[in-house]
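What follows is a single structure, written as structure tokens, with notes after it.
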Amino acid sequence: MLIRLGYDIRFQLASSVPIVALLNVHPSREKDLVEPDRLTVSPDVPVEEFIDGFGNRMTRFLSPEGELRLTNSTLIRDSGEPDPQDVGAPEVPVEELPTEVLPYLMNSRYCEVDLLTPVATELFGNVPRGYTRVQAICEWVHSKVTFGYHFARPTRTALDVYTERVGVCRDFQHLAVTFCRCLNIPARYVTGYLGDIGITLPPSPMDFSAWFEAYLGGRWWTFDARHNIPRIGRVLMAVGRDATDVALTTSFGRAQLLRFEVVSDEVKEEEQIVEAAS
């Protein structure tokens, strides 16, 4: 399967502002790219690309005053298969975890492990360990939290989600990630593309999406407390402890958002051949 990925994001800046952008496909998916994955910055300014401490590909630059436009259009090949599952994947004892996985057990900005551990233990302490327990967490969050874009609030933490029972996709994932960590299951927050492939088209416009990964049986597995069903066409962009680590853009100064458009559409092979020939 081929998927067309891209975005058109515009800001108005009152003065020159340093910006860090996390808008490229994750290095682990670069091998699947059919076209270059380039962030285009307009006006044209010098940019620096680097890999952050979580293994994500990032770009930094100094934007001048005025309108800033960030665009990209690329093509990626995907398996076309739903998210892999393994109900037999076991939990890994903390003492056997790789050292690089340990940070995903700790408190972070939006995930208050210490405050929610009693709740997680009461809700899921008797659920069979492993993949089944993580799935039970997803099902609980999915059924207990109400989704709505009008509920968006950048300061909402996992504890707030548990108390208020409302949120957007990042809130669903923060609560699920926190519950996992409370039970000594490493979990990390993920952002990426998730097109409306193989599902009924929702009424809302396309956006970037959030999900999470849990470390079971020696590898990371994809889970999604917001949708709670295996999906086709996820394209990983970045991983981190929570949304703080994977912000799409971070501006060190005021930047007013003017436009935000995202594309993640399946492209038939024959359409791509015609496009390339024309």
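Miscellaneous remarks
- The set of residues in region 224-234 being crowded, with 21+ Cβ neighbours inside 10 Å and at negative phi consists of D224, A225, R226, R234.
- Subset of region 181-212 (residues that are buried (at least 22 other Cβ atoms within 10 Å of the Cβ) and either charged (D, E, K, R) or touching a Cys at 6+ places or on another chain (Cβ under 7 Å) (or both)): R181, A187, R188, S209, A210
- Test result for T117, surrounded by 15 or more Cβ atoms within 10 Å (Cβ to Cβ), among the hydroxyl-bearing types (S, T, Y) and in contact with a helix residue (DSSP H, G or I) (Cβ under 9 Å, 6 or more places away or on another chain): yes
- Counted residues, region 238-270 - those being within 20 Å of the chain's Cα centre (by Cα), exposed (fewer than 14 other Cβ atoms within 10 Å of the Cβ) and of a type in the set (D, E): 1
- Summed over region 222-231, residues that are part of a strand (DSSP E or B) and over 15 Å from the mean Cα position of the chain (by Cα) total 0.
- Region 248-270 residues that are assigned to a loop (DSSP other than H, G, I, E, B), paired with ones that are of a type in the set (D, E, K, R) (beta carbon under 9 Å, 6 or more apart): none
- Consider region 148-174 and keep the residues that are touching a strand residue (DSSP E or B) at 6+ places or on another chain (Cβ under 7 Å) and surrounded by fewer than 17 Cβ atoms within 10 Å (Cβ to Cβ). The one that is nearest to A187 (Cα to Cα) is R165.
- When we screen I19, I9 for residues that are touching a residue at least 40 places away in the same chain (Cβ under 8 Å) and farther than 17 Å from V263 by Cβ, the only hit is I19.
- Lone qualifier among L102, L97 - being of a type in the set (A, V, I, L, M), surrounded by 15 or more Cβ atoms within 10 Å (Cβ to Cβ) and either at pLDDT 95 or above or within 21 Å of T249 (Cβ to Cβ) (or both): L97
- Tally, over region 197-212, of residues that are assigned to a loop (DSSP other than H, G, I, E, B) and in contact (Cβ under 8 Å) with a residue 24 or more places away in the chain: 8
- Filter result (crowded, with 18+ Cβ neighbours inside 10 Å and hydrophobic (A, V, I, L, M, F, W, C)) within region 3-31: I3, L5, I9, F11, L13, V17, I19, A21, L22, L23, V25
Let's see how each residue does on (1) touching a residue at least 24 places away in the same chain (Cβ under 8 Å); (2) outside the structural domain of H227 (by TED's automatic domain parsing); (3) not in a strand (DSSP E or B):
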| position | (1), (2), (3) |
| --- | --- |
| G53 | no, yes, yes |
| P84 | yes, yes, yes |
| G88 | yes, yes, yes |
| Y104 | yes, no, yes |
| L123 | yes, no, yes |
| N126 | no, no, yes |
| T132 | yes, no, yes |
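- Only one entry in T222, T163, T155, T191 is at pLDDT 95 or above, assigned by TED's automatic domain parsing to the domain that holds G130, of a type in the set (S, T, N, Q) and touching an Asp or Glu at 6+ places or on another chain (Cβ under 6 Å), namely T222.
- Residue match in region 213-220 (condition: farther than 18 Å from D86 by Cβ and touching a residue at least 40 places away in the same chain (Cβ under 8 Å)): no
- Some residue of region 121-130 being at pLDDT 95 or above and under 29 Å from R29 (Cα atoms): yes
- Single match in S42, S73 (criterion: surrounded by 15 or more Cβ atoms within 10 Å (Cβ to Cβ), more than 18 Å from the chain's Cα centre (by Cα) and more than 21 Å from D224 (Cα to Cα)): S73
The values are calculated or read from the model by the stated rules, or taken from the named source; none is laboratory data. As the structure is a prediction and not an experimental result, all values here were calculated from the model. Here the Cβ is made from the backbone with ideal geometry for all residues, glycine too, and neighbour counts use every protein chain on show.
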